[in-house]
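These notes are about the structure you will find just below.
The values are calculated or read from the model by the stated rules, or taken from the named source; none is laboratory data. Just so it is clear, the structure is predicted and the values come from calculations on it, not from any experiment. We place every Cβ from the backbone using ideal geometry, glycine too, and count neighbours over all the protein chains shown. Keep in mind that these areas ignore ligands, DNA and RNA; they rest on the heavy atoms of the full protein, side chains included. Shrake-Rupley method; radii C 1.70, N 1.55, O 1.52, S 1.80 Å.
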Amino acid sequence: MGFTTQDTRWMRRALALAARGFAPPNPMVGCVIVKDGLRVGEGFHPLAGQPHAEVFALRAAGAAASGAVAYVTLEPCCHHGRTGPCTEALIAAGIKKVVVATQDVDPRVAGKGITRLQAAGIEVETGLLAEESQQLNEAFFHFHTVGRPFVVLKAAMSLDGKIAAHTGISQWITGEKARKHVHSLRARSGAVMAGIGTVLADDPLLTARLRPAAPRQPLRVVIDSHLRLPKSSKLVTTAAPSTPVIVICTESADANAEKALVSEGLEVVRVGHQNGRVDLSAAMRVLAARQIISVFCEGGGQLNASLLMAGLADRALFYVAPRLIGGECAPTPVEGKGAETPQQGWKLGELNVLHFGNDIAITGRILGQGQ
C-alpha cells in the first residue's frame, strides 16, 4: 500500500516536532496522532529521561486515540529504560495503525517494536520519509552502527580561510546569527570538544548559551596530553555537575596537575598515547562507554587535522564570514602536515549551504581521503 499526500504531511509534521528535542543519548523523535483526517494529538521527546514522543501525543489525544493512526519518526521502543515501552502505550490506547519513518538501530529495539505492535493486531507501515528521519538522527544511527561517537568538525573562518588573526585573536569572525546556531548545536550534542591549544588561546566556556536557556548542557571535553589546563580557566571555574568537564590526558601526565584539577570538580581520564599525544581512538572509546553519541569538535586546526588523520571525523561544518584576515602565520581550520596533493585531500559529500545573515555555513559528510 502506497503512502498518500496526507500521510507525508503528517510525517513531516512529526519530523518538525522531533527537531525540537534535546535528547542525547536518545534519538530525536516526533509523533502525530490522526483520526478521521484530523490531528488529535502530537508530541516529541524533549530530553533524555522524560517521556517519549508517543506518550506526549497519546496524552494530548486522550480517548480520541482509540481507532486512530499514529505517525512516528522512529520505530517505537519495546523495552523498559528510564521510561516504559512506547509499544505498550500505543496498544493500551487502542491505536489501530502506526506509520513509522524508519526502523530503530538500537539493538534493544531493532525491529522488535514493530513485531510487538503487529502481534497486538496493529497495522504497521514503514519507510515514509525514512531518509529524512535518519538524517535528523545521523549521530544516533552512526553510534549504534559503528560503535563510536559521530564527530563534527566545526570552524568559523574568514573568506581567506583564517580562524584567527596572526595575533591569535578570534572573537568574533562570524556574526550573532551564526553563533546562535552554534549554541543550538552544542545543546543537541553529547559533548563539545576542544584541544588544549585552543583552550589556552581562547579560554572558551564551550557551553550552550541560548535564550530561553538550553534544557541541557553537553559534556565539555578537553584533549590535554600533558595536563596544561590552568586552574584559572573558564572551563575549570565553571565545572559543576550541571556543566561537567572531562580532561583526557596521556598516562604520563603529571599526577599533581591531575589532583589539582580533580579538586576543582573536573574529571581526568588517562589513555594511551601516539607520538606523545592523546590516542584519539582511545579517547573516543572513553566517550562511547559513557553513551556520548556525538562530539561537536571546536578544537582548532591541530585537533581537526589529528581527527581527520585518525579517520575519526564524520562531518565538517565550516562557517564562512565575508571578510579577509590575511597573515601567512594566521591559523587555519585544518593544520598538521596535510595531504600530499589536492587529490589526496578529504572529500566531502551530501553538501548543504546554510545562510546566517551575511555569513554562510557549508556542511558535508567526510567521505575519506583521496575519494
*asked:* Return the pair list, or none, for Cβ contacts closer than 7 Å from residues in the range 97-111 that are surrounded by 15 or more Cβ atoms within 10 Å (Cβ to Cβ) to residues that are among the aromatic types (Phe, Trp, Tyr), at least 6 apart or on different chains.
replied: VAL99/TYR71; VAL105/PHE141
*Hey, could you check the range 152-181 for residues that are over 14 Å from ASP202 (Cβ atoms) and assigned to a helix (DSSP H, G or I) and say which is least open to solvent (accessible area, probe 1.4 Å)?*
ALA178
*Would you confirm whether any residue within the range 252-270 is surrounded by fewer than 19 Cβ atoms within 10 Å (Cβ to Cβ) and touching an Asp or Glu at 6+ places or on another chain (Cβ under 6 Å)?*
yes
*Could you tell me which numbered condition SER242 fails, if it satisfies all but one of (1) open to solvent by 50 Å² or more (accessible area, probe 1.4 Å); (2) more than 23 Å from the chain's Cα centre (by Cα)?*
(2)
*Which fully enclosed strands (runs of 3 or more DSSP E) of the range 1-84 have 3 or more residues being open to solvent by less than 40 Å² (accessible area, probe 1.4 Å)?*
30-35, 69-72
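Pick out the one residue from VAL109, VAL124 that is in a loop (DSSP other than H, G, I, E, B), closer than 27 Å to THR8 by Cα and in contact with a Leu (Cβ under 9 Å, 6 or more places away or on another chain). Steps first, answer last, please.
Details: VAL124 fails: in a loop (DSSP other than H, G, I, E, B).
The match here is VAL109.
Among the residues in the range 250-269, are any under 27 Å from GLN369 (Cα atoms) and either at pLDDT 95 or above or in contact with a strand residue (DSSP E or B) (Cβ under 8 Å, 6 or more places away or on another chain) (or both)?
First, pick out the residues of the range 250-269 that are under 27 Å from GLN369 (Cα atoms): none.
Within the range 250-269, not a single residue is under 27 Å from GLN369 (Cα atoms) and either at pLDDT 95 or above or in contact with a strand residue (DSSP E or B) (Cβ under 8 Å, 6 or more places away or on another chain) (or both).
Only one of ARG220, ARG209 is on the phi < 0 side of the Ramachandran plot and crowded, with 20+ Cβ neighbours inside 10 Å; which? Write out each step before concluding.
Details: ARG209 fails: crowded, with 20+ Cβ neighbours inside 10 Å.
One residue alone meets the criteria, ARG220.
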